[in-house]
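Student: First, the structure itself, so that you have it in front of you.
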Amino acid sequence: MTELGPVAWPPEPIRTERLVLRESEARDRSAFIELLASPEVHTYLGGPRPRDELEREMPGAPERWPGSFVVDLDGAMIGQILLRRATGHRRPAAVGKADLGYLFLPRAWGFGYAAEACAAALDWFDGVLPGEPVVLTTQTANVGSMRLAAKLGFTEVERFQAWDAEQWLGMRSPVTPSA
């Protein structure tokens, strides 16, 4: 995965009804470690990373690159939205397109935060790179992620086997600017 392209970064924080999408800060380090070490978060992502390894390797201000948003609720990180260029994707239909990913702490599940944050990130993306499609890959067993993909307007391109599980590749058609 590589950067998105000609995008001014970081953007002004993106505000929704309940959330703020912003660049990571040093105060987010412990939440990133919790997110990446969580067995629940990584059920469909190959498993968590060891906490001691993350403590050693995590920089002071983690994940600071274009397309990486911290999802902030009331001043605290609850998740991350990732928009990256899918240059090395396993499926030809996804190569070169923007790829949406998201991770949320289990305590933030079930409140609609992921839908709200992803919709805001996609709106931002449509504004800075209009006319570009976005792809999303998830395991078909991840029912919550499948529901979120449908809610965000992703439609199935294909299913395939990878990482010992059936994967779902969806695409969101580009939003074209109105004249």
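Student: Of the options 165, 44, 80, report the single residue whose Cα projects farthest towards the positive end of the charge dipole of the chain (beta-carbon charges: Lys, Arg +1; Asp, Glu -1).
Tutor: Of the options given, the answer is 165.
Student: Indicate, rounded to the nearest 5 percent, the antiparallel portion of the DSSP beta bridges found entirely in the stretch 88-179. Could you put the intermediate results ahead of the total?
Tutor: Details: 13 of 15 bridges.
Close to 85 percent.
Student: Tally up the carbon and sulfur contribution to the accessible surface of the stretch 53-145 as a whole percent, 1.4 Å probe, everything protein left in place.
Tutor: 53 percent
Student: Run the dipole for the stretch 1-134 about the Cα centre, Lys and Arg Cβ at +1, Asp and Glu Cβ at -1, nothing else charged, and hand back the magnitude in debye, nearest 20.
Tutor: Numbers: 15 positive and 20 negative charges, 73 e Å.
Taking the Cα centre of the stretch 1-134 as origin, the dipole is about 340 debye.
Student: Given the -39500 (n - 2.57) contribution per DSSP H run of 4+ residues, what per-residue ellipticity at 222 nm results for the chain, rounded to the nearest 500 deg cm²/dmol?
Tutor: Working: 4 runs with 41 residues, N = 179.
It comes out at -7000 deg cm²/dmol, rounded to the nearest 500.
Student: For residue 9, what residues show an amide H to amide H distance below 5 Å, using hydrogens built from the backbone and excluding near sequence neighbours?
Tutor: Here nothing satisfies the definition.
Student: With point charges of +1 on the Cβ of Lys and Arg and -1 on the Cβ of Asp and Glu, referenced to the Cα centre of the chain, which listed residue (35, 24, 136) lies farthest in the positive direction of the dipole?
Tutor: 136
Student: How much accessible area per residue does the chain have, counting only protein heavy atoms and a probe of 1.4 Å, in square angstrom?
Tutor: Values: 8990 Å² over 179 residues.
With all protein chains present, the chain gives 50 Å² per residue.
Student: Additional query: How do 81, 14 stack up against each other in accessible area, from largest to smallest, with a 1.4 angstrom probe?
Tutor: Details: 81 0, 14 25 Å².
The ranking, largest first, comes out as 14, 81.
Student: For the chain, give the share of DSSP beta bridges that are antiparallel, in percent and rounded to the nearest 5; count only bridges with both residues there. Please list the in-between numbers first.
Tutor: Numbers: 32 of 34 bridges.
Of the beta bridges lying entirely in the chain, close to 95 percent run antiparallel.
The values are calculated or read from the model by the stated rules, or taken from the named source; none is laboratory data. Being a predicted model, the structure only gives us computed values, none of them experimental. Heads up, the Cβs are rebuilt from the backbone with ideal geometry, glycines too, and the neighbour counts pull from every protein chain shown. To get the accessible areas, we keep the full protein, side chains included, count just its heavy atoms, and leave off ligands, DNA and RNA. Shrake-Rupley method; radii C 1.70, N 1.55, O 1.52, S 1.80 Å.
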